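Scroll down for the structure; my scribbles are underneath it.
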Amino acid sequence: MPLVTVGRTGDTTRITLSRPEKANALDAEMVEALLDAVSAAATDGTRFLILDADGRHFCAGFDLSDLDSVSEGDLTLRFVRIETLLQTLYHLPFPSLAFAKGRAMGAGADLFCACSRRIAAPETRFRMPGLAFGIVLGTRRLAARIGDEAARRIQNETRTFDAAEAVDLGFATETAEEDDWAARIAEAENTAATLSPEATEALFAATARDSRAQDMADLAASASRPGLKARILAYRDGLAR
């Protein structure tokens, strides 16, 4: 089964995380499949992108299951590729809509945050723990969504927050039951067609804070600090206790 499914209807591309047995956790292959799909949508005439997930959970974040067998170089590359994916998604030249449910953790929460419109089912739970093991990932994008002080607090506390708080913060744009998602898609597709493709691209370029170079530099600096694997293993083992 593919880890990511991609469908196209008219000017809309729908990308679905399809690893429900692992809560859609992001392994290296899945990140590359997502990056290929988002990169293709950026240039193939797509005017609206939907990001959702199969199963109970949107995305459990970074796949920690193979840590014992990978090197620190492998881990660093994986984080770089995740950041490349998030940057590509955040800087799409047209609207994107993410639907979250269940758990959206770590890089999964970052995926949700990178979309321009973000709808969470009421029971959704979010957590962004990357700084707990020293990885600086997506912090400026988070601050662009919810403000500097709130971003500092959320990442410093590394705590779980629910869909209602996500809306209050601006992390999610709204909550909606899954039964209502189809209506939200129809509404968003109509809105996406309001402007010409050229005007839409200009609008999104002018309103998306471009910190790609600094974000990648910060990620690389944090990932290259010796002991990355040990820090992640300690974090994983702490979750298991």
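Provide Met30, Met1 in ascending order of the number of other Cβ atoms located within 10 Å of each residue's Cβ, fewest first.
Met1, Met30
Of all beta bridges DSSP finds with both residues in the stretch 1-80, what is the antiparallel percent, to the nearest 5?
45 percent
Roughly what % antiparallel, to the nearest 5, for the DSSP beta bridges in the stretch 4-192?
Roughly 30 percent of the beta bridges in the stretch 4-192 run antiparallel, per DSSP.
Given the DSSP H assignment, sum -39500 (n - 2.57) over each helix run of at least 4 residues in the chain and divide by its residue total; what's the result at 222 nm in deg cm²/dmol, nearest 500?
Computed mean residue ellipticity for the chain: -15000 deg cm²/dmol.
Taking other Cβ within 10 Å of each residue's Cβ, how do Ser71, Ser18, Ser39 sort, fewest first?
Fewest-to-most ranking of Ser71, Ser18, Ser39: Ser71, Ser39, Ser18.
Using Cα atoms only, what is the angle between the long axis of helix 212-223 and the major principal axis of the chain, expressed in degrees (0 to 90) to the nearest 10?
20 degrees
Give the separation of the Cα centroids, the stretch 124-201 to the stretch 98-112, in Å.
With the stretch 124-201 and the stretch 98-112 each reduced to a Cα centre, they are spaced 9 Å.
Using alpha-carbon positions, what is the distance between the centroids of the stretch 207-241 and the stretch 1-37, in Å?
The two parts, judged by their Cα centres, are 23 Å apart.
How big is the chain along each principal axis, measuring the range of its Cα positions in Å and listing the largest first?
So the three principal-axis extents are 50, 41, 35 Å.
Read the figures in this text as sums done on the coordinates, not as results from a lab. Values in this document were obtained by computation on a predicted structure and should not be read as measured data. Every residue, glycine as well, gets a Cβ built from its backbone with ideal geometry; the counts of neighbours run over all protein chains shown.
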